[in-house]
Amino acid sequence: MTQTQPVPEPKSLNFIEEIIEADLASGKHQGRIGTRFPPEPNGYLHIGHAKSICINFGLAQKYGGSTNLRFDDTNPAKEDVEYVDSIREDVAWLGFQWAGEHYASDYFQQLYDYAEYLIQEGKAYVCDLKDDEIKDGARVLRAKIDVQSPNMNLRDPLMYRIRRVDHHRTGDAWPIYPMYDYAHGVSDAIECITHSICTLEFEDHRPLYEWFLNQDVDGKFFARPLPRQIEFARLNLTHTVMSKRRLLLLVQEGHVTGWDDPRMPTICGLRRRGFTPESVRTFAERVGVAKRDMVADVSLLEHCIREDREARAPRAMAVLRPLKVVITNLAEGETHWLELPFHPEKPEMGTRRVPLTREIWIDQDDFREEAPKKWFRLAPGAEVRLRGAALVRCEELVKAADGQVVELRCTWDPQSLGGNAPDGRKVKGTIHWVSAVHAIPAQVRLYEPLFTQEDPMDVPEGGDWRDFINPHSLETVTAQLEPSLADPKAGASFQFERTGYFAVDPDSRPGGLVFNRTVSLKDSWAKIEAKG
């Protein structure tokens with residue numbers, strides 16, 4: 001009998017997809033979908049921006065449309081080419097290609113022309129201000145809407161301010177610059193964007209977005225139909241901050257080493273830590289598109305990178321806190337070369353050669369002088385399996401003057417070479433190890449959350465969010481690595497067996513290797529899902 005495979009249920013649409021599909025069905029934009037990602041180049045992008053990137057580019061891909069990358073460069077005092085370059089790199093790293101690269105400054109003349117038109121139509125006016133009321137100049141341009149409006153954004157909002165600052169693209173050509181609320185919608189209309197997708201804090205700005213575009217009553221400036229603004233919930237992440245201003249303070253005050261510090265939620269920080277584009281896109285998908293602001297648990301982000309690395313990262317052994325073991329019945333200079341797989345479930349990834357010698361390193365955490373119950377690692381008289389190698393038994397301890405154990409003297413069972421006892425005896429404990437003779441020293445950086453508190457902005461009266469900075473967010477150790485890791489490629493990622501996933505830092509050099517811990521092997525999110 002042929003068994004019929006169940007047909008998977010179609011994935012439900014989110015509310016933005018529902019809007020787009022309704023527009024497509026009605027023929028509103030003649031079947032065309034155009035989105036944009038419009039960052040201000042005043043800082044580095046973070047994981048919240050990654051969600052926005054995935055939404056804008058992902059929707060365009062799904063519906064056969066296109067996405068523009070547009071830099072909102074209307075505030076030259078805070079913007080820099082450095083940030084432009086970093087934004088390009090981050091979007092490309094996430095796996096997206098933009099249809100066109102644009103700048104709000106591309107439209108300065110069109111913005112100015114439309115502002116003149118609004119003045120002529122009685123929809124905008126020059127406002128004189130006292131010196132203590134504005135710090136950029138004596139006058140501003142305001143939209144003439146309703147100073148009594150219950151929506152603060154409609155109370156004759158600013159359109160232009162005087163700012164005598166050189167622009168990174170236009171130099172000193174313009175002594176006035178448009179405000180975001182004015183420039184944003186007009187830029188969308190100039191580019192014929194169909195769906196202007198932004199975060200929820202702009203919901204109250206939507207009437208102003210629409211007002212500016214609707215004043216072109218004769219269609220002299222903008223093609224129809226006009227863009228539609230749609231808001232979605234912004235992403236917040238536990239144990240970090242997502243404000244560019246606060247992230248800049250962390251950098252300026254030396255709490256982190258830079259924007260790409262692996263403890264930062266920036267895309268370049270995640271990349272340096274060892275996160276992959278696929279894991280970040282998966283995270284954005286699982287967080288989903290909502291109408292209410294949300295706080296995602298950092299364990300979900302970690303779960304996504306674990307899934308990715310579990311499937312694709314080659315394995316190797318590294319001892320982070322070395323403790324020497326001497327195998328007394330293995331001769332000096334005697335070496336047994338073992339062939340171990342790079343991935344236990346993917347033989348196509350090949351094997352690496354690992355040497356077993358008289359002196360090896362094990363991790364300090366794998367030994368207890370006084371072992372508790374159900375301790376299956378090394379202890380006086382205990383036998384364990386060296387991963388992929390052989391069985392060893394602890395026979396003697398060597399201690400320093402202060403009583404600290406500095407060396408274990410063990411014996412091995414030569415008949416167990418390969419890892420299994422010839423007589424079938426059961427050995428429950430398996431530990432990782434590295435040949436001391438062949439070991440490669442490396443600096444390994446172990447990262448913990450940057451903030452001790454889940455919500456760093458939940459500050460008691462008189463406190464400061466920086467009070468919650470974790471003083472133990474970074475620990476650096478000198479580890480000993482198996483020889484297959486002697487010359488890893490920059491950015492390469494590995495599972496250090498029984499320890500976690502680690503990536504080669506950009507600072508790493510032959511003879512001076514540096515690895516960053518991406519994430520440990522423990523997965524708290526998987527436990528949450530199982531309980532749920």
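The values are calculated or read from the model by the stated rules, or taken from the named source; none is laboratory data. Note that this is a predicted model, so its numbers are computed, not measured. Neighbour counts are summed over all protein chains in view; Cβ atoms, including those assigned to glycine, are modelled from backbone coordinates with ideal geometry. Protein only, heavy atoms only, side chains kept; ligands, DNA and RNA dropped before computing areas. Shrake-Rupley method; radii C 1.70, N 1.55, O 1.52, S 1.80 Å.
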Inset, instruction - Please list the non-local residues whose amide H lies under 5 Å from the amide H of R352, H modeled 1.01 Å from N, same-chain partners needing a gap of 5 or more. - result: L340, F342
Legend entry - Selection from V165, Y125, F96, by position along the positive dipole direction of segment 90-183 (Cβ): Y125
Inset, instruction - Heads up, I need the accessible area for C127: 1.4 angstrom probe, whole protein in place, Å², nearest 10. - result: 30
Legend entry - Antiparallel content of DSSP bridges confined to the chain, in %, to 5: 65
Legend entry - Dipole magnitude of segment 223-348, debye to nearest 20 (Cβ charges: Lys/Arg +1, Asp/Glu -1, about Cα centre): 900
Legend entry - Potential extension, R353-K426 segment - 0.36 nm per residue separation minus Cα distance: 23.7 nm
Legend entry - Whole-number D in µm² s⁻¹ for segment 345-450, Kirkwood Cα-pair radius fed into Stokes-Einstein, 10 °C, 1.306 mPa s: 102
Inset, instruction - Step through the residues of segment 86-93 one at a time and calculate ³J(HN,Hα) from phi using the Karplus curve (6.51 cos²θ - 1.76 cosθ + 1.60, θ = phi - 60°), rounding each to whole Hz and writing x for Gly and Pro. - result: 5, 5, 4, 4, 5, 5, 5, 4
Inset, instruction - Report the normalised scattering of segment 182-273 as log10 I(q)/I(0) at q = 0.11, 0.20, 0.22, 0.25 Å⁻¹, calculated by the Debye formula with identical scatterers on the alpha carbons. - result: -0.50, -0.88, -0.97, -1.14
Inset, instruction - Would you calculate the separation in nanometres between label points at W93 and S520, each defined as 7 Å from the Cα along the Cα-to-beta-carbon direction? - result: 2.5
Inset, instruction - Within segment 343-379, find all residues whose amide N lies under 16 Å from a label point positioned 7 Å from the Cα of H336 along Cα-to-beta-carbon. - result: 353-361
Legend entry - Simple label model, 7 Å out from Cα along Cβ direction - Q364 to Q252, nm: 3.9
Legend entry - For segment 257-312, the fraction of alpha-carbon pairs in successive 10 Å shells from zero, as %: 23, 50, 25, 2
Inset, instruction - Treating only the Cβ atoms of Lys and Arg (+1) and Asp and Glu (-1) as charged, compute the dipole magnitude of the chain about its Cα centre; round to the nearest 20 debye. - result: 1400
Inset, instruction - Percent of Cα-Cα pairs per 10 Å bin, from 0 to the last occupied bin, for segment 254-363, please list those. - result: 11, 25, 27, 20, 12, 3, 1
Legend entry - Heavy-atom accessible area ranking, 1.4 Å probe, most first, across W337, W259: W337, W259
Inset, instruction - Could you calculate the contour length gain from K123 to E210, that is, 0.36 nm times the residue separation minus the distance between their Cα atoms, to one decimal place in nm? - result: 29.9 nm
Legend entry - In degrees, nearest ten, helix 15-26 long axis to first principal axis of the chain (Cα): 50
Inset, instruction - Please work out the Kirkwood hydrodynamic radius for the chain, using every pair of different C-alpha atoms, and report it in angstroms with one decimal place. - result: 27.3
Legend entry - Rounded to whole Å, sorted largest first: equivalent-ellipsoid semi-axes of segment 319-385, Cα gyration tensor: 26, 18, 10
Inset, instruction - Express the relative contact order of segment 154-273 as a whole percentage, based on alpha carbon pairs under 8 Å and six or more residues apart in sequence. - result: 18
